[in-house]
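Accompanying notes for the structure given below.
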Amino acid sequence: MRIRLATTEDIPALRQLIDDSVRGLSVTHYSARQIESALQEVFGVDTQLILDKTYFIAEIDGQIVGAGGWSKRTTLFGGDGSKSGRVDSLLDPAKEPARIRAFYIRPQWSRRGIGSRILDECEGGARVSGFKSVELASTLPGVPFYLSRGYAKAEAIPIPMESGETLITYRMTNTL
């Protein structure tokens, strides 16, 4: 397995990974309508992570099998399409947690340590940048993974969508 930084040239492949991951791994947690609405309104590539050089890709034999990142910015979740002109200002590492963001694993590669390898890269990058803690908004399929990595489950974050559906996520936290 090779872990590398994502580039803007990876965006088309990342879009396909996101679709495959969400449709494949969320099916037992969310309805088909919630999944499709979230793919349209919430999930997607966040190019700011790529530009900040904090978004990683896992490759096996040249195939992208997973991706995930961390952020030094205020956005907790969502791709480019969900930001709607929000200012994504920088966090203060002395006072605020870094964000773990946009983890997607190709379904046939799930539960093989790929997410852990990417998370190690993310936590290490946040630590080197002076952050003492991290937080994220986990979808339901991700909660067991983050719990197994020592994260604490905090409050539910319901994400209302224009379709009328709501996507339930959980804020999760950890120290570095």
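The values are calculated or read from the model by the stated rules, or taken from the named source; none is laboratory data. Not measured: the values here are computed from a predicted model. Glycine gets a Cβ as well: all are built from the backbone with ideal geometry, and neighbour counts include every protein chain shown.
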>> Quick check on segment 94-113. Is at least one of its residues closer than 22 Å to M161 by Cβ, crowded, with 22+ Cβ neighbours inside 10 Å and hydroxyl-bearing (S, T, Y)?
In response: yes
> Across segment 20-52, what is the number of residues that are basic (K, R) and closer than 18 Å to D80 by Cα?
Replying inline: 0
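A quick yes/no check of all residues on (1) touching a residue at least 12 places away in the same chain (Cβ under 8 Å); (2) in contact with a Lys or Arg (Cβ under 9 Å, 6 or more places away or on another chain); (3) part of a helix (DSSP H, G or I); (4) hydrophobic (A, V, I, L, M, F, W, C):
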residue: G66; (1), (2), (3), (4): yes, yes, no, no
residue: F77; (1), (2), (3), (4): yes, yes, no, yes
residue: A94; (1), (2), (3), (4): yes, yes, no, yes
residue: R117; (1), (2), (3), (4): yes, no, yes, no
> Condition test on L119, is it within 24 Å of Q63 (Cβ to Cβ), surrounded by 14 or more Cβ atoms within 10 Å (Cβ to Cβ) and among the aliphatic types (A, V, I, L, M)?
Replying inline: yes
> Hey, any hits in segment 23-36 for a residue that's surrounded by 13 or more Cβ atoms within 10 Å (Cβ to Cβ), without any contact (Cβ under 8 Å) to a residue 60 or more places away in the chain and not in a helix (DSSP H, G or I)?
Replying inline: yes
>> Can you report the number of residues in segment 45-64 which are more than 19 Å from S110 (Cα to Cα) and not in a helix (DSSP H, G or I)?
In response: 5
> Of S31, S133, S71, S129, which residue is farther than 22 Å from Q16 by Cβ, at pLDDT 95 or above, among the polar types (S, T, N, Q) and under 13 Å from the mean Cα position of the chain (by Cα)?
Replying inline: S71
